[in-house]
Amino acid sequence: MPPPATIYGHLASAVGEWLDPASMQFAYMFSFAAKGDDLEHQHIVSPHPPQRLSREESARLKDWRRRNELVAAGSVQPTIREFLFQAELTLYVQPASLALALRQPAFPVALGRSQDLASILSVEEVDLEEAVGAYLERTLLPFAWRGRTAFGTTVIMPRFIGPPPERQASFAQYIVLNRRVYAGDAQVDVSDRARVVRQAHPERWLVDPDSPAYSGVRRGIVFLSFVGE
């Protein structure tokens, strides 16, 4: 599951500049057909003064450093990288004005590292509807919902990474939800544990009316934010 910080980078790349993280909300569904491992070679370069320096060599090294010159040593380090096959992201964003940037992204589309190239297949404006029931799957939920469902994996993810040079990162807890769970008045057996626990008061859910219907309900959309509540 891509972390929220990756989603922010995806949007900023499409717009072509850093965005105010407080001005946006997002929700997403993510899936992939399979995953595998790839062997990647990292080329590590670091300053490397000689092991034994004479007085003359030490003086020369100090002079190099004053002139911002470095003696460098390199090594090749094999690293196993996991990759996903046929990954698909369905992203809901507010405000709707971001649609223009996603139709004409300023930079090549990548979901993660620069070599993780992707394609935007379609951009549509969706009028979400309120409903008394919904289903949730393959999505990210706020950790505050931990007491409402027994399903999903609790994780810590980077929520937002600020601009350089500080690149200050903030982290938050979330629930990665893979299997489908139902919320509210879905037409499922009451004993079915695959259900988000109701609260004491009646709830209404934002749903995508164009999504597939299961058990009489549509896909629920739970918006998250990069900063704040």
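Readers should treat all values here as calculations from the given coordinates under stated rules, not as data from a laboratory. No experiment lies behind these values; they were computed from the predicted model shown. With ideal geometry, Cβ positions are generated from the backbone for all residues, glycine too; neighbour counts draw on all protein chains shown.
Structure data summary
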read-out	value
Relative packing of 177-185, 165-173, 209-217, which averages over residues the other C-beta atoms within 10 Å, highest first	177-185, 209-217, 165-173
Cα gyration tensor shape for segment 136-229, rounded if a/c is under 1.5, else prolate or oblate	prolate
When segment 104-167 is reduced to its Cα atoms, the Kirkwood hydrodynamic radius in Å	16.4 Å
Mean separation of Cα contacts under 8 Å (6+ apart) over length of segment 139-178, as relative contact order %	53 percent
Highest average packing first - 78-84, 33-39, 96-102, Cβ atoms within 10 Å	96-102, 78-84, 33-39
Percent RCO, i.e. relative contact order, over the chain, from Cα pairs under 8 Å lying at least 6 residues apart	26 percent
Inter-label distance, nm, simple model (7 Å from Cα along the C-beta direction), ARG55/LEU100	7.1 nm
Reduced Cα scattering model of the chain, Debye log10 I(q)/I(0), q = 0.17 Å⁻¹	-1.32
Point-to-point label distance, ARG148-ASP116, nm (Cα→Cβ direction, 7 Å offset)	2.7 nm
